[in-house]
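**Student:** Here's a structure for you.
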Amino acid sequence: MKSRRLACLSLIFAAGLAAPAPLLAAAASPYDPDIAGSRDVRDLPRFANARIRAYQSRDNAEIIVPVAALNTRSDEAANIIKLQGAITHSDYVIRPLVPAADVDRHYENLLRNAGYETVFRCAGISACGSRMGSLILNDGNVAPAGFADGVFNDQMRVRVARKGATWVLLHVIQGPDRALVYQAVIEGARELE
């Protein structure tokens, strides 16, 4: 009888140890591979430990790019431009958490060294405007609808740079456990009315 109880207790104990394993296996690892078919854009190697969660490349597409702070929809007429060209959208997650300012500095140096000119840059809601995050992540005119992880806080950094007919838009934000980078690269860009 005693050996039967011990055998049952051993099974229960073993099952209790094994139960969390499937849960841990299902959790996303910071080292999960990039989404199939994705790649970094020339001149913009990713930040350390970043992986691509979403990726889309489209020829002859349109995008809205902010060139000044956005507080209301009425600001948009004067503070955005509409571009058409070959657009690559990339959504990166960086784990473990890295401050948004460090990620922004990484891209600032890359863009400068590659010969890009900064058209617009802001840090925080007071400088970027209360409408900036929503325009980039939610409206479907910048990031495709449902594309990027919509984290909204005062750690936001936005950078727009240009080199010839190539434009880069970066939205960097620091979440509670990760940093996120939405990147749009517009090649062969032409401004639309």
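**Student:** Suppose each label sits 7 Å from its Cα in the direction of the beta carbon; what would the Asn71-Asp149 distance come out to in nanometres?
**Tutor:** Result: 3.1 nm between the two label points.
**Student:** Post the alpha-carbon centroid distance, region 104-172 to region 56-93, in whole angstrom.
**Tutor:** First find each Cα centre; the distance between them is then 9 Å.
**Student:** Follow-up. Which whole-Hz ³J(HN,Hα) couplings does region 159-172 yield from phi under the Karplus relation 6.51 cos²θ - 1.76 cosθ + 1.60, θ = phi - 60°, glycine and proline marked x?
**Tutor:** Each residue's phi maps through the Karplus curve to give 9, 10, 9, 9, 9, x, 9, 10, 10, 10, 10, 10, 10, 10 Hz.
**Student:** Under 19 Å from a point 7 Å along the Cα-to-Cβ line of Ile35: which residues of region 49-68 have their amide N that close?
**Tutor:** Residues 49-64 fall inside that zone.
**Student:** A follow-up question, please. What are the ³J(HN,Hα) couplings of region 89-101, residue after residue, when phi is run through the Karplus curve with 6.51, -1.76, 1.60 and θ = phi - 60°? Round to Hz, x for glycine and proline.
**Tutor:** Whole-Hz 3J(HN,Hα) from phi for region 89-101: 9, 9, 10, 9, 10, 10, 10, x, 3, 10, x, 4, 4.
**Student:** Mind listing the phi-derived Karplus ³J(HN,Hα) values for region 127-142, rounded to whole Hz, using 6.51, -1.76 and 1.60 with θ = phi - 60°, and x for any glycine or proline?
**Tutor:** 8, 7, x, 5, 9, 4, x, 5, 4, 6, 9, 10, 6, x, 9, 10
Here, each number is a calculation from the coordinates, and none is a lab measurement. Just so it is clear, the structure is predicted and the values come from calculations on it, not from any experiment. We place every Cβ from the backbone using ideal geometry, glycine too, and count neighbours over all the protein chains shown.
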